[in-house]
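The values are calculated or read from the model by the stated rules, or taken from the named source; none is laboratory data. These numbers were taken from a predicted model, which means no experiment stands behind them. Every residue, glycine as well, gets a Cβ built from its backbone with ideal geometry; the counts of neighbours run over all protein chains shown. Each accessible area value is taken on the protein alone, full model and side chains, heavy atoms only, with ligands, DNA and RNA left out. Shrake-Rupley method; radii C 1.70, N 1.55, O 1.52, S 1.80 Å.
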Amino acid sequence: MSATPVTALQEVANVRLMLQQQQHPGAKVPVTVCRQVIDCSIQQTKLISSRDNGPGIDTGDILCEGHLTRAALLPPAAPQSNPWDWLAAEQAWQTPGLRATYQPLAVPPATEPSRPTTVQVPAEGVCWLGDLALLETPGVLPLSPRAVLAAASLLMIGQAYGPGGIGLQVQPELGEAISFALKPNRVLVLEDGDSLNLIAERYGTTVQTLRAVNPDLAQQGPITTAAGDTLNVLAARHGTTVDFLRKLNPSLLRADGHTTAAGDTLKQLAIDYDTTVDWLRLYNPDYDRWPRSDPLPVGVLLDVPAIRPSDALDAGQVLQVPLIRPATLLPAGGWIYLPPLRGVSAADDLWDVDLTPDPPPVTP
C-alpha cells in the first residue's frame with residue numbers, strides 16, 4: 001500500500017482497538033468479514049454507575065472519547081492464527097485519521113462493483129490501553145503492568161458540533177471523533193490448563209454462554225453416532241443441550257411436524273414431545289411471543305422433535321455437534337471474552353408466567 005501522510009494526532013495515539021466488522025450489522029447470526037485495527041488518542045470521560053446503564057454500556061464501564069489517528073484491516077481470525085496479530089506494531093495502514101474501508105468481493109453476475117464498507121456502530125471488540133511504542137511485530141501481548149487489556153464497545157463515530165451546530169460532525173482533518181466504552185474484566189488471557197468447564201465454574205457462567213460470546217468456540221462439525229448413543233449422552237459429552245443438538249440437526253425434527261388440535265398449548269406440546277417451551281418457540285418463530293398456556297390456533301403446522309432424549313440413535317448416523325468440548329484444553333496465551341455480569345428482573349417475563357388465580361373474595 002502506498003505511503004500516506006502523517007496526521008497531527010498519529011504520533012500521540014495511546015489506545016489500540018480491534019473491532020469486528022460484520023457483514024450485516026445487527027444480524028441475528030453475525031458474520032465477521034474483517035477486523036478493524038484502530039489507533040486513537042483518547043481521554044476518560046465517565047465511570048458508569050448503576051444509574052447510567054443503557055444500550056452498550058454496563059455498570060463499571062469507562063466511557064472514553066478521542067480521535068482516531070490511523071486504521072488498518074485484518075482478515076477474520078482463524079483457529080490457528082496468531083491471537084495477538086492485531087497488536088503487531090506494523091500494519092497495512094490505510095488513510096490516516098479515518099476508519100479503514102473494506103471492499104467486498106463482487107458476486108457474479110455483478111452489474112457494478114460492490115460498494116466498500118466500514119465498521120458501523122455499535123461494534124464490539126477489544127482494547128489495549130498502553131504505550132504503543134511497546135508493540136512488536138509479529139504481534140504479542142506486551143508485558144506492561146501499566147497497560148490495560150479490556151473488552152470495548154464502539155458507541156459513536158463523530159461528535160457534537162457544538163451549540164447551535166448541525167448534530168454530529170466528523171473531523172477528518174484531525175481524525176474521526178470516536179466514543180467507546182472500555183469494559184474491564186471482560187477479556188481473559190488463557191493459561192495452561194484452562195478449559196470451558198474450568199472457566200465457566202471460575203466465573204459463575206455456563207459453557208453455552210461462553211460459546212455464545214465467543215463464536216470461535218462454537219464451531220460445529222460432524223460426528224458419526226455409535227451404538228448406545230442418545231441425545232442425552234451426546235449433549236453431556238459435547239457440553240451442550242438436547243434442544244441445541246436438535247436445532248443443529250433438522251433430521252431430529254419430525255418430518256411431518258405437528259398439526260395443532262383444539263386445546264393444544266405450547267406448554268402441553270413441550271411435555272408431549274419432551275422439550276421446552278423456549279425451544280418450541282425457537283423452532284417456530286411465528287409463536288415466539290405466544291403465551292405458553294394460551295390455546296394455539298387449530299390447524300397450524302409446527303416443527304416439533306421426533307426423537308426423545310433417552311431414545312437410542314441409529315448407529316452410523318452423521319450429526320453436527322460443537323467441536324470444542326467442555327473439557328478440551330484451550331490454547332494457552334490466547335484470549336477470550338467473558339460475559340457481562342447482569343442482574344435479572346423478575347418482572348421481565350411476567351407475561352409468560354402461569355400465575356395462580358387470586359382466591360374469590362370472602363363474603364362477610
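Per the 1.4 Å probe, what fraction of the accessible area of the stretch 217-336, in percent, lies on carbon and sulfur atoms?
Carbon-and-sulfur percentage of accessible area, whole number: 55.
Between A92 and A133, what's the calculated FRET efficiency when r is the beta-carbon distance and R0 is 30 Å? Round to 0.05. Mind dumping the intermediate values first?
Details: r = 20 Å, r/R0 = 0.65.
For A92 and A133, the calculated efficiency is 0.95.
Give me a comma-separated list of calculated 3J(HN,Hα) values for the stretch 72-89, in order, Karplus coefficients 6.51, -1.76, 1.60 applied at θ = phi - 60°, integers in Hz, x for any Gly or Pro.
Using θ = phi - 60°, the values come out as 9, 10, 10, x, x, 5, 10, x, 9, 7, 5, x, 10, 4, 6, 9, 5, 4 Hz.
Scan around L190 for amide H atoms under 5 Å from its own, H built in the peptide plane at 1.01 Å from N, and keep only partners 5 or more places away or cross-chain.
Those qualifying (amide H under 5 Å, at least 5 residues apart or on another chain) are G333, G334, W335, I336.
Let me cross-check V29: its accessible surface, 1.4 Å probe, with only protein heavy atoms counted, in Å² to the nearest 10?
110 Å²
Just reorder H24, H238 by solvent-accessible area, largest first, 1.4 Å probe, all chains present.
Ranking H24, H238 by accessible area, largest first, yields H24, H238.
At 0.36 nm per residue, minus the direct Cα-Cα distance, what do S50 and A27 gain on full extension? Give it in nm, one decimal, please.
Values: separation 23, 0.36 × 23 = 8.28 nm, distance 2.83 nm.
Computed gain between S50 and A27 is 5.5 nm.
Please list the non-local residues whose amide H lies under 5 Å from the amide H of R70, H modeled 1.01 Å from N, same-chain partners needing a gap of 5 or more.
Those lying under 5 Å, H to H, from R70 are D39, G97.
Given a 1.4 Å probe and heavy atoms of the protein chains only, how would you sort S310, S41, largest accessible area at the top?
Correct descending sequence by accessible area is S310, S41.
Please work out how much length the chain gains when fully extended from N232 to N82, using 0.36 nm per residue of separation minus the C-alpha to C-alpha distance, in nm with one decimal. Walk me through the numbers before you get to the answer.
Details: separation 150, 0.36 × 150 = 54.00 nm, distance 3.60 nm.
Residue separation times 0.36 nm, minus the Cα-Cα distance, leaves 50.4 nm.
Rounded, prolate or oblate: which fits the stretch 199-346 when a ≥ b ≥ c are the square roots of the eigenvalues of the alpha-carbon gyration tensor, with rounded for a/c under 1.5 and prolate only if a/b beats b/c?
Cα axes put the stretch 199-346 in the oblate bin.
Take the Cβ-Cβ distance between D311 and V148 as r, set R0 to 51 Å, and report the resulting FRET efficiency rounded to the nearest 0.05.
Approximately 0.50, to the nearest 0.05.
Label-point separation (nm) for N197 and N185, each offset 7 Å from Cα along Cα-to-Cβ?
2.6 nm
With unit charges on the beta carbon (Lys/Arg positive, Asp/Glu negative), name the residue among P30, L135, W93 whose Cα is farthest towards the positive pole of the charge dipole of the stretch 11-146.
P30
Along the Cα→Cβ direction, 7 angstrom out, place labels at V121 and D278. What is the inter-label distance in nm?
Between V121 and D278, the label points sit 3.2 nm apart.
By accessible area of protein heavy atoms, probe 1.4 Å, what ranking do F180, F244 get, highest first?
Ranking F180, F244 by accessible area, largest first, yields F244, F180.
For the pair L248 and A212, how long in nm is the line joining their label points, each one 7 Å along Cα→Cβ?
1.7 nm
Out of the total accessible area of the stretch 44-123 (probe 1.4 Å, heavy atoms of protein only), what percent is carbon and sulfur?
That share works out to 57 percent.
Which three extents, in whole angstrom, do the alpha-carbon atoms of the stretch 235-299 cover along their principal axes, largest first?
Projected onto the principal axes, the Cα atoms of the stretch 235-299 cover 39, 23, 20 Å.
Go ahead and run the numbers for FRET between D286 and R325, Cβ-Cβ distance against an R0 of 41 Å, rounding to 0.05.
After rounding, the FRET efficiency stands at 0.75.
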